[in-house]
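The values are calculated or read from the model by the stated rules, or taken from the named source; none is laboratory data. The structure presented is a predicted model; accordingly, all values stated were derived computationally and were not measured. Counting neighbours? That spans all protein chains shown, and the Cβs are built from the backbone with ideal geometry, glycine included. These accessible areas exclude ligands, DNA and RNA; they are computed on the full protein's heavy atoms, side chains included. Shrake-Rupley method; radii C 1.70, N 1.55, O 1.52, S 1.80 Å.
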Amino acid sequence: MDDSLSFASFLEGAKKAAHRAIDDHGRGEYDEFALHGGVAVERLAKAVLVSKNPVYLLEMRNGNPDMLLYLGGHLEIGTDKIRTVGAKDAIKRLRTMGLLPPDAQLDLLIELRNGTAHTAIGDQAKALLPTLADNVSALLRSISLDNDDFWGRWASAMYIAVDRRRDEVERDVELRIRQAWHRFSDRFAGLPEGAMDKVLEEPTGGIHTTITVSEQDDLLFGLSSASCPACGGSARVMFGPTASSHQGTDLEVTQLHCSLCALELNGHEEISAAHVRISPATFGVGLTSTEGITIGDTQAG
């Protein structure tokens, strides 16, 4: 039988597609995540089927009848005539065998991958990372394989994805932090030892003192810096006003962006979930900035 239909080939293909799916998700490419996530499930499902019996790969609807003998090892046919079961039918067979539980979210992932779901792919796919992790885990258990071996460096991220003790925001933020770190570290593959540390030590052109920008007496926003929760570099932090008094203006952090690893967190809830250490900011009106940014009056905290 063709090596491309072997257990090892399907498993390796599933692993590569799954890793690409996690990377897509971290970059916000949710359409690509649906594509690669669906491919990962299909190939892993076929790996499970072929491990039980290669004949289970047979396409029943419009398949070549010679495929039955080919998969049984009693006939050789040309590679252009080889057709195997599709993702939906492979999943259905595994559910019939009791190796995979029913899951409407997995069905949606496969529909998004196939382009048959009548919805905006990105809107739906973003929330399907735990679905991918859960079903991959179930398939791996059915063939006694370890999650850590399959996911490699993404293993801890996948445990976060299925951790029901965390709320959705916390899971999402922790995953994005891991994803940003891997993207950052990948840039230094093959470079001399210490290259990453040197980059982290170099100034990034960010904000090195807290500044605020106001128009007349109205504070518009503030800029500062904090240690990036992903790579540890200097990240830019933006504040917005929440309340004013004769003592000054209280600001709430609204965004964190790291130019080194491209991590971006928006809103107080996400930044709080990342446990970013930012001192409470209260800025008095009438102070002068040395930063040279002027929109109305500019103040430094």
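In straight-distance terms, cross-link reach from K126 covers every one of the lysines whose alpha-carbon lies under 23 Å from its own, apart from those fewer than eight places away in the same chain; here that gives K15, K16, K88.
Which order do peptides 142-155, 10-23 fall in by mean Cβ count within 10 Å, highest first? Numbers along the way, then the final one.
Working: 142-155: 15.0, 10-23: 20.3.
Highest mean packing first, the order is 10-23, 142-155.
Simple spin-label estimate for E59 and A189 gives 3.3 nm between the two label positions (7 Å along the Cα-to-Cβ direction from each Cα).
Largest accessible area first, the listed residues Y159, Y30 line up as Y159, Y30 when surface is computed with a 1.4 Å probe on the assembled protein chains. Here region 112-191 is treated as a Stokes sphere of Kirkwood radius computed over C-alpha pairs; at 20 °C and 1.002 mPa s its diffusion coefficient rounds to 149 µm²/s.
Ordered by packing density, taken as the mean number of other Cβ atoms within 10 Å over each peptide's residues, highest first, how do 135-141, 46-52 rank?
Numbers: 135-141: 19.6, 46-52: 22.1.
Highest mean packing first, the order is 46-52, 135-141.
Go ahead and run the numbers for FRET between D146 and E12, Cβ-Cβ distance against an R0 of 25 Å, rounding to 0.05.
Working: r = 15 Å, r/R0 = 0.61.
Calculated transfer efficiency: 0.95.
Less than 5 angstrom separates the built amide H of L100 from those of R95, all sequence-distant by 5 or more or on a different chain.
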